[in-house]
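Structure, as structure tokens:
None of the figures in this text is laboratory data; all of them are computed from the coordinates on show. All values reported here derive from a predicted model rather than from experimental measurement. So basically every Cβ, Gly included, is an ideal-geometry build from the backbone, and we count neighbours across all protein chains shown.
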Amino acid sequence: MIRKYNKTKIMIFLISLILLCSFLPVKLIFSSHSENMHIIKPLINFELHNPSSELIAGECSILNNTESDSNLTEIADNGTGNYTVSDDERFEKLEAINTENVTIADEELNLTLNDYNTTNHADNIPPAVYFHNIPAITNQSILNISWSAHDENLSRAELYVNENLTQRKSVNGSYHTYVLLSEGLNRIELTVYDVAGNTNHTTLNVTLDTQPPEIEPLAVIYPVGVISARPGDEVIVRVFAGDSGVGLNTLTIKSAENIPGTEMLENSDYFRLVRDTGNASHFAVIDVPSDIQADFSCTVSAIDKAGNSANVTFNISVSQSLLAFNLEFMPGVNLISLPIIPENPDVEKIFSDTDFIESIWAYDANTSTWSVYTPGEAPDTLTELKTGYGYRVLTNKSTFTKVRLPNSSSEVPLPIKVSYNGSYLKPAQLPPVYRLYRGWNLIGFHSEVKMVADEYLAGLTYPEKIWSSLLTYENYADFENNRFVNGRVSSVGQNDYLEPGRGYWIYVEQDGLVTP
């Protein structure tokens, strides 16, 4: 039966210890017994020979610890002559060897004092556990999971994949196992335990994506030639690319001719204005080399973050001269001309499917009269548009869309483009000659490329210069160079360039010829 000492009994007990230490009726042989716990409960085992009476446990303390306790439990006989004494409360031992002192007495207070040295220490350190080089994203449905667990007192380690127990180990070491992943997010969990009750836990997510990226080809843009590019022209290749799984990693473009310096760019509001890239997600600007004489191809490749890939191939049309041309119009007055001879000069055909034209005017310097075209049923005196002549086009301002300039609060009208097919010269056609009459003439610029005024007007300049004034009407939006002009008459000098698509007023002092 247990008896617990109060403070008075403990004092008596200790004094008796000093007086009676030489009269020991019992022999105690201590043996080690400990538990690796977060908080140690001291347990002292001893062997008792010829006990004369019931034993009483006295004070127990643990050195190297700030606490001590006198509340000891009964001394229990396990039926084999071995006895155990334990503390009611648990001591938090240091991470080191600790010395326990215990005093045992019998009912007559014959005492024995013994130091008990434990070679065990408290275990407050959780096991180490980690994964080895597990990818966060993969396109392989079978995954090799490699992991390790280490602890001096390891109890078990458990690996779960999507909440399913996949592997269990109870010995320190490195392990691996192959698992079948599900499409999408997979949760990999590893939990380890030691015998002291410490735990550690690590989790990672692995996304399986076996689907290729989405890549949709959009129409190739030929900024100058509309339907083809000449050597030296720009070509804009556009795609709508994305990945609904893990996202795009790279998007590249490569031409069959290994044209250098080409890269895919992410589209933006700025590029939509400058390059007219439309609703593409990405685009590339290709400068056609001057030595390219025929069509060529290029391939856009998309690779997502899981390594899946998709490709689209574009055919780039190359011609040696323009086969079509874009005319640009702004609100109000526009002075235009046709740089290439149209396949069909009918004004209705050129401006079919448009609703922004209010009227088109042509001037005959020989008769000093105007001819006009207006949409609708009204009788027209202008029915055809010809190369070499200039035209005054009045547009409806309300039909234009205004756009906000990037990084600015300003808004400008977005030009309206009208394309027509044609050629610089028709097959078997002789180079044209355009007659001018004394006074003001409204002329066009019949050329595929810009030219210095003196060069184009050579027939009016040499051997004698017979023109005295050359004017144009500027109404344009140049987003690339951030220049915008909303209606302005400008003088053109002898060394200034004439631009394809523009019309010009020229004053000649006598009749003459323009020979492009």
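Around the amide H of Leu436, modelled in the peptide plane, lie the amide H atoms of Gly512, Leu513, Val514, all under 5 Å away and 5 or more residues distant in sequence or on another chain. Here's the picture: a label point sits 7 Å out from the Cα of Val333 along the beta-carbon direction, and within region 448-474 the residues with their amide nitrogen under 12 Å of it are 472-474. Each part gets one Cα centre, and for region 185-235 versus region 300-378 those centres are 40 Å apart.
GluC sites (Glu not before Pro), restricted to region 303-400: which are DSSP loop and have at most 15 other Cβ atoms within 10 Å? Mind showing how you got there, number by number?
Details: sites: Glu328, Glu343, Glu348, Glu358, Glu377, Glu384; in loops: Glu343, Glu377.
Of the GluC sites (Glu not before Pro), the ones in loops of region 303-400 whose Cβ has at most 15 other Cβ atoms within 10 Å are Glu343, Glu377.
Using a Förster radius of 41 Å, what is the FRET efficiency between Gln211 and Arg488 based on their Cβ-Cβ separation? Nearest 0.05, please. That pair, Gln211 with Arg488, gives E of 0.15. One chain, two ends: Glu377 and Asn311. Fully extended at 0.36 nm per residue, the span grows by 18.7 nm beyond their Cα-Cα distance.
Please work out the FRET efficiency for the pair Gln293 and Ala256, using the Cβ-Cβ distance as r and a Förster radius of 22 Å; give the result to the nearest 0.05. Walk me through the intermediate numbers first.
Details: r = 14 Å, r/R0 = 0.63.
FRET efficiency, Gln293 to Ala256: 0.95.
For region 370-391, the residues whose amide N sits under 14 Å from a probe point set 7 Å from the Cα of Tyr437 along the beta carbon direction are 370-371. From most to least packed by mean Cβ count within 10 Å, the peptides 439-446, 507-514, 464-471 give 439-446, 507-514, 464-471.
A protection proxy built from the mean count of other Cβ atoms within 10 Å ranks the segments 413-421, 189-197, most packed first, as 189-197, 413-421. Of the listed pairs Lys349/Lys450; Lys402/Lys450; Lys386/Lys426, which have alpha-carbon separations greater than 19 Å here? In this structure, Lys349/Lys450; Lys402/Lys450 lie more than 19 Å apart at Cα. Shape class of region 247-290 from the Cα gyration tensor (axes a ≥ b ≥ c, square roots of the eigenvalues): oblate, since a/c reaches 1.5 or more and a/b does not exceed b/c.
Net charge within 10 Å of Lys417 by Cβ-Cβ distance, Lys/Arg positive one each and Asp/Glu negative one each, not counting Lys417 itself?
On the way: positive: none; negative: Asp276, Glu328.
Once positives and negatives cancel, what remains is -2.
The gain in end-to-end length when the Asn421 to Asp364 segment is fully stretched comes to 18.0 nm, 0.36 nm per residue minus the alpha carbon separation.
In this structure, the amide hydrogen of Ala324, modeled 1.01 Å from its nitrogen in the peptide plane, lies closer than 5 angstrom to those of Ile227, Gly422, counting only residues at least 5 positions away or on a different chain. Among residues other than Arg156 with Cβ under 11 Å from its Cβ, the summed charge is -1 (Lys and Arg +1, Asp and Glu -1). For region 425-440, backbone phi angles converted through the Karplus equation (6.51, -1.76, 1.60; θ = phi - 60°) give residue-by-residue couplings of 9, 7, x, 6, 8, 6, x, x, 10, 10, 8, 10, 10, 3, x, 7 Hz, Gly and Pro being listed as x. The peptide list 476-483, 424-431, 312-319, put in order of mean Cβ contacts within 10 Å with the highest first, becomes 312-319, 476-483, 424-431. With a Förster radius of 22 Å applied to the C-beta separation of Arg187 and Asn124, the computed FRET efficiency comes to 0.15.
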